[in-house]
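Structure record follows, encoded as structure tokens.
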Amino acid sequence: MPDLNIKVGLIGKFDMLKFKNMKKVREKAIQAAPANEVSGVFAINENAKALHPDFLELVIDRIIDRGGAQAKTFVLKRADDAPLPYFRAGQYISLKLPMDGSFVTRSYSLCSSPKEALNGEYAITVRSNPGGFVADRLLAEKKPGDTVITSGPQGFFYYEKLRDEKNVIGLAGGSGITPFLSMARALADGVEDFNLTLLFGSRDEDNILFRGELDEIARICPKFKVVHVLSEEEKAGFETGFITAELIKKYAPEGEPYSVYLCGPEAMYKFLKPEIEKLGLPERLFRRKLIDVTKTPWECEGYPQEAKGKQFSIKVKQGPQECTIPASADEPVLVAIERAAIKAPSRCRAGECGWCRSRLLEGTVFIPQENEMRRWADKHYGYIHPCCSFPTSDLTLEVPGEFF
């Protein structure tokens with residue numbers, strides 16, 4: 001190999017000398033520094049903890065009864081009134097609640113403006129759910145001054161200008177109004193910048209949740225418009241029937257692109273899915289809030305009908321502990337774990353966040369397609385999300401310890 005003739009200019013020689021002497025310079029600086037103990041606290045880590053806490057201990061500051069809508073709004077604060085982690089309008093928090101000797105988690109969308117978090121307030125709204133396990137107990141038992149443990153803000157149901165169009169059509173039903181109320185308040189506060197037209201379905205006028213707040217925001221904020229749709233009542237000033245593709249087109253901006261956001265009960269999702277397909281929107285322009293896990297898995301495509309109604313057993317391994325618990329094919333694995341008073345991590349309860357991720361060592365489960373959000377590697381190596389997995393045989397499951 002021939003010798004290389006590399007010419008180094010005067011400035012280049014000084015750079016090489018500086019590099020050669022770097023070790024001496026550093027050693028001199030180290031020796032000159034005081035022998036103080038190095039702090040383990042760094043500003044960037046403290047900021048990360050403040051914005052993304054493992055959990056929050058909050059106090060119920062006040063409760064607002066929503067009357068005919070059979071719901072209550074819980075306003076939550078820190079005990080010292082300090083600011084709360086900021087969030088995007090449309091996100092949720094997960095409550096961890098002690099019940100019957102164990103803990104359960106439930107996620108509730110924040111219905112307050114993100115601006116209020118800086119003033120130390122979160123607000124969630126809980127609507128009555130007869131036959132449910134948590135909602136009615138929350139409504140009946142919780143009072144101002146009680147402490148609740150929550151996660152930090154979670155979820156991806158929020159406006160993103162890099163993905164969404166400037167015009168958004170919101171479709172809401174029942175308590176699915178809460179993330180949209182947060183968005184409307186954020187628009188009025190100047191926190192968000194897009195145009196939101198909300199089609200809000202209710203049974204009748206008396207059941208319209210947040211009607212006063214929504215109408216007032218629409219009056220003062222030109223970027224927000226609300227259209228009330230009544231399914232069981234005909235009245236002047238309201239749309240009647242169900243939200244359809246034709247109704248969406250009626251209120252969509254003429255000749256301009258738009259995104260569609262959807263949040264409501266399972267029946268609303270099922271009804272609107274083919275209606276939204278009629279709009280011919282690109283997939284990126286349709287957003288839905290995480291859908292609650294179905295209560296009728298046997299109606300889902302691909303469900304093994306021979307499993308319906310059967311009882312199975314689950315061997316749960318958690319660290320050095322191991323126990324066997326009963327489980328129904330008609331309920332998610334996480335429900336069986338909670339009924340057995342085993343503390344397991346969970347947040348969204350809909351397959352999205354992955355917080356409950358567990359390893360399936362033996363057995364089979366059914367996962368509804370709308371809740372199947374596992375990574376490829378998790379599918380390949382046998383991990384499931386117990387919150388949306390229904391047992392279809394006896395199982396052996398490795399469950400992580402609780403995170404908060």
- Query: Taking springs between alpha-carbon atoms closer than 10 angstrom, which of GLN305, GLN31, GLN321 fluctuates most in the Gaussian network model of the chain?
  - Reply: GLN31
- Message: I need the phi-derived Karplus couplings for segment 206-217: 6.51 cos²θ - 1.76 cosθ + 1.60, θ = phi - 60°, integer Hz, Gly and Pro marked x.
- Response: 5, 9, 6, 7, 6, 4, x, 5, 5, 5, 5, 5
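Find out how many positive minus negative residues lie around THR105, taking Lys and Arg as positive, Asp and Glu as negative, among other residues whose Cβ is under 11 Å from that of THR105. Provide the component values of the computation, followed by the final result.
Working: positive: LYS96, ARG106, LYS343, ARG347, ARG349; negative: GLU338, GLU402.
Within the 11 Å Cβ shell, the charges total +3.
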- Item | Highest-MSF residue in the chain out of ALA32, ALA140, ALA43 [GNM, Cα springs under 10 Å] | ALA32
- Task: Given a cut-off of 31 Å, name the pairs among LYS77/LYS223; LYS308/LYS379; LYS161/LYS270; LYS115/LYS142; LYS72/LYS235; LYS77/LYS315 whose C-alpha atoms lie farther apart than that in the structure shown.
- Result: LYS77/LYS315
- Message: Need one number: nm distance between label points at GLU299 and LYS379, each 7 Å from Cα along Cα→Cβ, rounded to one decimal.
- Response: 2.6 nm
- Extend 7 Å from the Cα of ASN129 along its Cα-to-C-beta direction; within segment 299-336, residues with backbone N under 20 Å of that point are 299-300, 328-336
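Determine, for HIS380, HIS228, the number of other Cβ atoms within 10 Å of each Cβ, and report the residues in order from fewest to most.
Fewest-to-most ranking of HIS380, HIS228: HIS380, HIS228.
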- What distance in nm separates the simple spin-label points at ALA50 and ASP206, each placed 7 Å from Cα in the Cβ direction? 4.9 nm
- Spacing of the two label points (7 Å from each Cα toward its C-beta) at GLN311 and THR147, in nm: 3.9 nm
- Task: Before rounding to the nearest 500, sum -39500 (n - 2.57) across all DSSP H runs of length at least 4 in the chain and divide by the residue total; then give [θ] at 222 nm in deg cm²/dmol.
- Result: -6500 deg cm²/dmol
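Hey, fewest Cβ within 10 Å first, where do ASP15, ASP394, ASP80 land in order?
Details: ASP15 11, ASP394 15, ASP80 7.
The order, fewest Cβ neighbours first, is ASP80, ASP15, ASP394.
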- Gaussian network model of the chain, Cα springs within a sub-10 Å range: biggest mean-square fluctuation belongs to which of LYS23, LYS223, LYS273? LYS23
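Readers should treat all values here as calculations from the given coordinates under stated rules, not as data from a laboratory. Please read these numbers as outputs of a predicted model, since none were measured by experiment. As a convention, Cβ positions derive from the backbone with ideal geometry for all residues, glycine included, and neighbour counts pool all protein chains shown.
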